[in-house]
Structures are given as structure tokens and as C-alpha cells.
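Presented below is the structure to which this report refers.
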Amino acid sequence: MKIEFYKYQGTGNDFVIIDNRNESFPKENIELISQMCDRRFGIGADGLILLENHASLDFTMQYFNADGNLGSMCGNGGRCIVRFAEYLNIIKDQTTFEAIDGIHKATLDNENVSLKMNDVSDIEVSANHVFLDTGSPHHVQLVKDLESYEVKKEGAAIRYSTYGNTGANVNFVEAIEKDTFAVRTYERGVEDETLSCGTGVTAVAIALFETNKTTSDSINLETKGGVLNVIFNKKDREYSDVYLIGPASQVFKGTWQ
């Protein structure tokens, strides 16, 4: 079966995206999805995303991890599918769509996609890390000398030993300025470091504010794939109006045979 696909990236977080409005893609085929995402024997991607019809909103987003299994929310993937929907002329400069964690709004300009994330109120602060869910579960930990840190080794150890089979994404962070931080992320499902993680930098921004590591409600996060910006409002114990902002673009399109 021939499958038309598109490759998108958002600060180096890359995805195979497929227009599945005709519901022809065999999304129960874990092996196929895994093979398409394979960087040696397939297209190569951190995940696969299906754009599907929605009864009342612009579209539905279904996200699969690179291992072929259905994933939780992906922030950069959400920004990329918004850009894809623009390419398909489904939307223009704004949209409302549904993902696995609920309804999201987004706006587009020539360069950036600004994606509204879910409100966050349940934050677990421990002695050396913070745990919270921003559509996906995230462990946030400050470290020194992030550039040479063994992210894959240490991230995998925390992902399994602390969070069991379900796991969590693990973010290692180092301060650059009062409102700018460097972030490296180990992602479950990919089981490796990715160049960027949207829900991850969102979690980092909120965790840093919650633990008084910054007083800014507009935080720049420098990833290996580029810079993302996270803004939010905090009232009482809840973070609302959380936006993940950054570039997203089409890399190429092709046919899987």
C-alpha cells in the first residue's frame, strides 16, 4: 500500500505527518509506524502524527511514539500539525483542534506557531527535581555542565527506576540568564535524547517558576534544535494561559511503498 507522507520539524523535533481524513492509514499496525520512524530503515522521525476529521473542530491530532505505540500529547508535534493543516488549507492563521489530552487552540504567523497548552496545577516538588504533567509526564532536574551531561544514560535510569514501566520524560536544565535556560530531554517512546521537546520545555518553564528559579512568566528555553518560548499566568496554585511558541516547518514530502 502506497502512503503519502510529509516530514515536519519543530526545533529539530521531527515527525512523519499523514493526512488521514479518509481513514485509510492502518494505525493499529505498530510495526509499520515503528518502521516508518526508523532512522536507518525508514523515513526517520521522533514520532508519527495523523491528521483526522473532527465533528465540530478543525481537525483531530493522533500522535504515535517512534516505537509505534499511541503516545501522549506532543507539544512540538502539535505545532507541526497546525502548520500542516495550514498547508492543506484547512485553516488560515488560527485553529482549534483536539488531541489526546483535550482541546487546543493555536495561532500562526510567518515564522512561529503559538500553541495553547493545558492548565497545570498538580506539581510535585522534591529535593532535587520537580514532577508535573503538561500533556505528557515530565521530570525536571537542574544539573551542572549540561553540555557534557550523559543525558541518554542518566535519563534512561530515571525514566525506568523512578517511574517504572509507564515511565516519564526526563529534562535536565542549566541556567543561562534569569529568564533563559538550556534544556536537554530524554523522551520515553523514543528512548533517547531528542533535539527538542515541546511539553518538556513547557514543564521546565513552569517548574522553574514554581521553585523560584526564575521570576519571569516568559521564559526562553534553548534546546539543541533551537529556541522555544513559554509564557503563562499563575493565579493561586494554577498555571493558565500556557503557550508554547516557536517555529515549525515542512522538510519534505514523499510516498511510502
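Quick note: the coordinates plus some simple rules give every number you see, no bench work behind them. This structure is a prediction, so every number in the text was calculated from the model and none was measured. For neighbour counting, all protein chains shown are included, and Cβ atoms are generated from backbone atoms with ideal geometry for every residue, glycine included.
Side notes on the structure shown:
- For Ser114, net neighbour charge (Lys/Arg +1, Asp/Glu -1) across residues whose Cβ lies under 14 Å away: -1
- With the alpha-carbon atoms of the chain aligned to their principal axes, the span from lowest to highest coordinate is 52, 37, 27 Å, starting with the largest.
- Taking every DSSP beta bridge that has both ends in the stretch 1-105, the antiparallel portion is near 70%.
- Taking Cβ atoms as reference points and 11 Å as the exclusive limit, the residues near Cys74 contribute a net charge of -2, counting Lys and Arg as +1 and Asp and Glu as -1.
- Average Cα contact separation per residue, the chain, under 8 Å, 6 or more apart, as relative contact order %: 22
- The value obtained for the stretch 11-64, namely the Cα convex hull volume divided by the number of residues, is 79 Å³ per residue.
- Net charge in the neighbourhood of Asp145 (other residues with Cβ under 14 Å of its Cβ; Lys, Arg +1, Asp, Glu -1) is -2.
- Listed peptides 80-92, 186-198 by packing density, highest first (mean Cβ within 10 Å): 186-198, 80-92
- Crossing angle, helix 198-210 versus the chain [Cα axis fit, 0-90 degrees, rounded to tens]: 20
- Coordinate range along principal axes, alpha carbons of the stretch 123-247, Å, largest first: 34, 27, 27
- Of all DSSP beta bridges in the chain, antiparallel share, percent nearest 5: 80
- The mean of 1/r over all distinct Cα pairs in the stretch 69-200, once inverted, gives the Kirkwood hydrodynamic radius of 16.0 Å.
- Packing here is the average count of other Cβ atoms within 10 Å per residue, and on that basis the peptides 144-152, 69-77, highest first, run 69-77, 144-152.
- Rel. contact order, % - alpha carbon contacts under 8 angstrom, at least six apart, the stretch 1-130: 18
- Binned Cα-Cα distances of the stretch 218-257, short to long, each 5 Å bin given as a whole percent: 6, 16, 19, 16, 13, 10, 9, 6, 4, 2, 1
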